[in-house]
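Okay, here's the structure, questions in a sec.
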Amino acid sequence: MNCDVIKNPKVLFVGAALLIISLFALIIRIIPVFSGNTDVLSNVGMDDPTYQLRRVELCIANFPNIAWFDPMTYFPEGQPMHWGPLFPILSSAVCILLGASTRPDIIFTCLLIPCVMGAILVPVVYVLVKKVADWKAGLIAAFFIAIFPGQIFFRSFFGYYDHHIGEVLFGTLFCLCYVYALVYCRQHPVDIADKKTWKIPALLGLACGVTYVIGLSLMPTMILFALLVGIFTPLWFIIQRSIGHLGASALVVNTTTFLVAIVGFLIIGVHAEGGLNYYTTGHPIVYGLLVLGTWILFGFSWYLRERPYTHYILALVGVSVLGLVILAVTLPDLYNYLMANANAFFGQEIHWKTIQEARPWNFDDAWRTFQYSLYLFAIGIVILLYRLKKELCPSHAFILIWSVVILYATIQHIRYEYYLAVPAAMLSGITIGFGIDLFQKVRGKKAVDDDPQSSVKGGKHKDANRPLKGTPAPSKSLHKNFAAVFLIVVVVLGGLFTYHAMGRDLAIGAFNLNPDWREATTWMEQNTPETGVDYYSIYEKDTWQLPDSAYGVMSWWDYGHLILYLAKRMPNANPFQYGVAGDYGAARFFITTNESVASGILDKLKTRYVITDYEMDTGKFWAMATWDNPDVGAYPYQRTFILPDPDNPQIGQNFPFFMEPYYQTMISRLHNFDGSMTVPDQVHYIQFMNPPYSRTTDPLIVNGSQVSYEVGAALVKDFNQTDSKEYGAALVNYVYTNPVSPVSALQHFRLIHESPTRASPDMLPDIRYVKVFEYVPGAVIAGEGVIEIPVVTNTGRQFVYRQESNNGTFRVPYPTQAKVGDVTTVGPYKITSTGKEYHVSEDQVLKGAVISG
């Protein structure tokens, strides 16, 4: 070891700075640890982190084996796993080594792992930026990535235990290895006739392949970085040809990299069918196509080695277009498969807008997270373009393509913002580093080159290998004042970004597992029957058999992982968006207005319980409606009208109203009305002018009044007889608990538990945040009129379950004078018109028995 290097003051300074920045990155991510909260489960983020913890518990129980199929989610089909094995195996190994065996200890240990990965990203970014710029730019970029807010920060924050920060870390490691290969091959290009020149590029390609496989074993979306290489490779060939090489460097590096990727993928194995977001045969096909494409590009380069440079460019464009045409004609299934997966990365579907992390990224999102770093990012793009034009460095081209592709992916899906943070930090560091070097140049001080690059062998750009260490001598028009102003501007932008980023980071506070969902699912684990499926066993899809005792739990997909992890029960839908759409999906169940349809769905899915919450009933309703029918979405259920200002009719206010179908949906009948018959009182009758007659985007209210339901229904009926296209009339309400038409009772659903928090305002009926319902056959009582029974919930809330007879019978879901779950019925059923009473047992309810008078 060269001790002089270690004693070098600059080396010591950089090492100490990196250590401090890394520790700082770790500390600001584990702030909740110092709060004194010993209930670590309360710090776990909702949704995916709970399922990752479930995977770790499963892996610890079967270490080092992992489950590639989970029968306890997406019931009754079971879920093939599209997350890789690395994260649970790594986390389980750490837990075992540290002796974490109880659930709280396992949770605490696991929650630290993303924080550590976020800190490790600091030196990785430093080394990468130093390789394409200098140590100053590297340190600045390392600091920026340590504090970068938004997606990358909260996904590496204590409480958000998921693989996303691992994707960023291992993806960046792969790019670091690839950039090393580019820089080395720039200085020492491969000569296809000299095998000695193959060795180190091949070893660098091996390093690229190994880091790629590590990332791939974490998540199949690592293929995004293979796509980057695929886009970059033609440009690399063009650069190599422009300086007199045939492109053998690209041939050796890419071939080695993706042959290793193919071998690594085969070790991981094929575990699903479908798209590239799973471990499917599409992966080795794509890697093979990358190798084949590289060989074809080299073949053309070799064949046209005596031809002018422009001939090769034209041939490259032609063969690329022709290759796509041939692929589409000869292998249409493969072509369509690749295009469909490209759309999954870079396209949009209407359903994705209902998914928080998959929705498009708009300017407000960008500014909220990146703010002043957007300017540094843009300036960094210009700087790299300038250096690329001047020096034709492949590493600069790769960073540019990396940045632009991830930027486009982020615009399509906001979740890729955590990928974009690395290029943004890198380009911000490069921008400020460039400003420092530029200022030193105009002052006559040479920028320090710690590792000067040698000239390119056989190339015409003698200084082309030198990374962004220093800048060219300024032209006469470049004055010191400009350099000083430029440096001041970029430093101020960096300071403003730092201030903003730290404010965003420190404002996170702590994740908070929804206490009402935690309470409800914990109750469910303790008070509902076992499913007959072992939570800690690994099952194979081919040999899996559903036990007779198994049953599903219906809820919106957001809550599937909570139901599995906390209640140890099997959700029909989950945050993988399985079990959501279609005739038997969760969206259809909650949006249908027909109880028979809802019952048919639960029968088909062998489902016994339904869990609703206040958000499904309100803020998430539009998402459920969109999943059910994307062509109309929430339009039939919730509409916005323009309400003119009485003092100034030229000014109007957008006002949302609930329409009649909303109150008839299953989610409203369950959560708003506890499955009981509800008769409307006062309703709002409105007359409105339809667009485009109103010359407004939404219908314009021209008349309205609050009336009784009977009066309002008559007014609407009379108005509709006019058959007007310009005007319309409707009964509406702005309160979700006040229907605008009679709501019939649910015959097969009974409330058995509700969480303690009141979600509705005091002036409205008492609606709790989470409710658990049981699906039962219901006992049959002969009679006419309305039957009712008082009910007291576990929170002390009282309501009366009412039902109107249908064809001379009632089908009732509650037993009398009994406790079902956590809910108690008080007294017998009573027909309101006659006072006749009926007693019903739990056994009669569960068997669908007929109750004699």
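Which condition from (1) under 20 Å from residue 166 (Cα atoms); (2) open to solvent by 10 Å² or more (accessible area, probe 1.4 Å); (3) out of contact with any helix residue (DSSP H, G or I) (no Cβ under 7 Å at 6 or more places or on another chain) is the one that residue 49 breaks?
(2)
Still on this model: Using the structure shown, decide if residue 748 is open to solvent by 20 Å² or more (accessible area, probe 1.4 Å), farther than 20 Å from residue 644 by Cα, touching a helix residue (DSSP H, G or I) at 6+ places or on another chain (Cβ under 6 Å) and at pLDDT 90 or above. Show your work before the answer.
Details: open to solvent by 20 Å² or more (accessible area, probe 1.4 Å): yes; farther than 20 Å from residue 644 by Cα: yes; touching a helix residue (DSSP H, G or I) at 6+ places or on another chain (Cβ under 6 Å): yes; at pLDDT 90 or above: yes.
Criteria met by residue 748.
For the stretch 530-540, state whether one or more residues are open to solvent by less than 10 Å² (accessible area, probe 1.4 Å), touching a Gly at 6+ places or on another chain (Cβ under 8 Å) and either at pLDDT below 95 or not in a helix (DSSP H, G or I) (or both).
no
Also, quick follow-up: Quickly run through the stretch 268-288 and pick out the residues that are open to solvent by 10 Å² or more (accessible area, probe 1.4 Å), in contact (Cβ under 8 Å) with a residue 40 or more places away in the chain and assigned to a helix (DSSP H, G or I).
268, 285, 286
Identify all residues within the stretch 301-317 that are out of contact with any Leu (no Cβ under 8 Å at 6 or more places or on another chain) and open to solvent by less than 20 Å² (accessible area, probe 1.4 Å); write none if there are none. Walk me through how you get there before you give the answer.
So in the stretch 301-317, the residues out of contact with any Leu (no Cβ under 8 Å at 6 or more places or on another chain) come out as 303-304, 306-310, 313-314, 317.
Across the stretch 301-317, the qualifying residue is only 304.
For the stretch 93-127, which positions are within 24 Å of the chain's Cα centre (by Cα) and of a type in the set (Gly, Ala, Ser)?
Across the stretch 93-127, the qualifying residues are 118, 119.
Which of the numbered conditions does residue 558 fail, given that it passes all the others? Conditions: (1) in contact (Cβ under 8 Å) with a residue 60 or more places away in the chain; (2) touching an Asp or Glu at 6+ places or on another chain (Cβ under 9 Å); (3) within 30 Å of residue 728 (Cβ to Cβ); (4) not hydroxyl-bearing (Ser, Thr, Tyr).
Of (1) in contact (Cβ under 8 Å) with a residue 60 or more places away in the chain; (2) touching an Asp or Glu at 6+ places or on another chain (Cβ under 9 Å); (3) within 30 Å of residue 728 (Cβ to Cβ); (4) not hydroxyl-bearing (Ser, Thr, Tyr), only one is false for residue 558: (3).
Are there any pairs, at least 6 apart or on different chains, whose C-beta atoms fall under 7 Å, with the first in the stretch 814-830 and in contact (Cβ under 8 Å) with a residue 24 or more places away in the chain and the second part of a loop (DSSP other than H, G, I, E, B) and of a type in the set (A, V, I, L, M), and if so, which?
Final answer for the pair search is 815/840; 816/840; 825/818; 829/840.
Residue-wise test of (1) modelled with pLDDT of 65 or more; (2) out of contact with any helix residue (DSSP H, G or I) (no Cβ under 7 Å at 6 or more places or on another chain); (3) under 15 Å from residue 410 (Cβ atoms).
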position: 330; (1), (2), (3): yes, yes, no
position: 337; (1), (2), (3): no, no, no
position: 362; (1), (2), (3): yes, yes, yes
position: 365; (1), (2), (3): yes, no, yes
position: 378; (1), (2), (3): yes, yes, yes
position: 384; (1), (2), (3): yes, no, no
position: 387; (1), (2), (3): yes, no, no
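Yes/no per residue for (1) in contact with a Cys (Cβ under 6 Å, 6 or more places away or on another chain); (2) at pLDDT 90 or above; (3) open to solvent by less than 20 Å² (accessible area, probe 1.4 Å):
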| position | (1), (2), (3) |
| --- | --- |
| 8 | no, no, no |
| 27 | no, yes, no |
| 54 | no, yes, yes |
| 75 | no, yes, yes |
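Residues checked against (1) open to solvent by 40 Å² or more (accessible area, probe 1.4 Å); (2) touching a Ser or Thr at 6+ places or on another chain (Cβ under 7 Å):
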site: 662; (1), (2): no, yes
site: 668; (1), (2): no, no
site: 674; (1), (2): no, no
site: 679; (1), (2): yes, no
site: 702; (1), (2): yes, no
site: 705; (1), (2): yes, no
site: 713; (1), (2): no, no
site: 718; (1), (2): yes, no
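Considering only residues that are among the hydrophobic types (A, V, I, L, M, F, W, C), open to solvent by less than 50 Å² (accessible area, probe 1.4 Å), within 29 Å of residue 770 (Cβ to Cβ) and in contact (Cβ under 8 Å) with a residue 40 or more places away in the chain, which ones fall in the stretch 620-660? Let's see the steps before the verdict.
Taking the stretch 620-660 and keeping what is among the hydrophobic types (A, V, I, L, M, F, W, C), we get 621-625, 627, 632, 634, 641-643, 651, 655, 657-659.
Imposing the further condition that a residue be open to solvent by less than 50 Å² (accessible area, probe 1.4 Å) reduces the set to 621, 623-625, 627, 634, 641-642, 657-659.
Narrowing the set further to residues that are within 29 Å of residue 770 (Cβ to Cβ) leaves 621, 623-625, 627, 634, 657-659.
Correct list: 621, 623, 624, 627, 657, 658, 659.
May I pose another question? Based on what the data block shows, is residue 64 under 24 Å from residue 513 (Cβ atoms) and either in a helix (DSSP H, G or I) or free of Cβ contacts under 8 Å to residues at least 40 places away in the same chain (or both)? Can you show your working first?
Working: under 24 Å from residue 513 (Cβ atoms): no; either in a helix (DSSP H, G or I) or free of Cβ contacts under 8 Å to residues at least 40 places away in the same chain (or both): yes.
Judged against the criteria, residue 64 is not a match.
The values are calculated or read from the model by the stated rules, or taken from the named source; none is laboratory data. Fair warning: this is a prediction, and the values are worked out from it, not measured in the lab. Positions of Cβ are generated from backbone atoms using ideal geometry, with glycine treated the same way; all protein chains shown enter the neighbour counts. We work out accessible area using only protein heavy atoms, side chains counted, and drop any ligands, DNA or RNA first. Shrake-Rupley method; radii C 1.70, N 1.55, O 1.52, S 1.80 Å.
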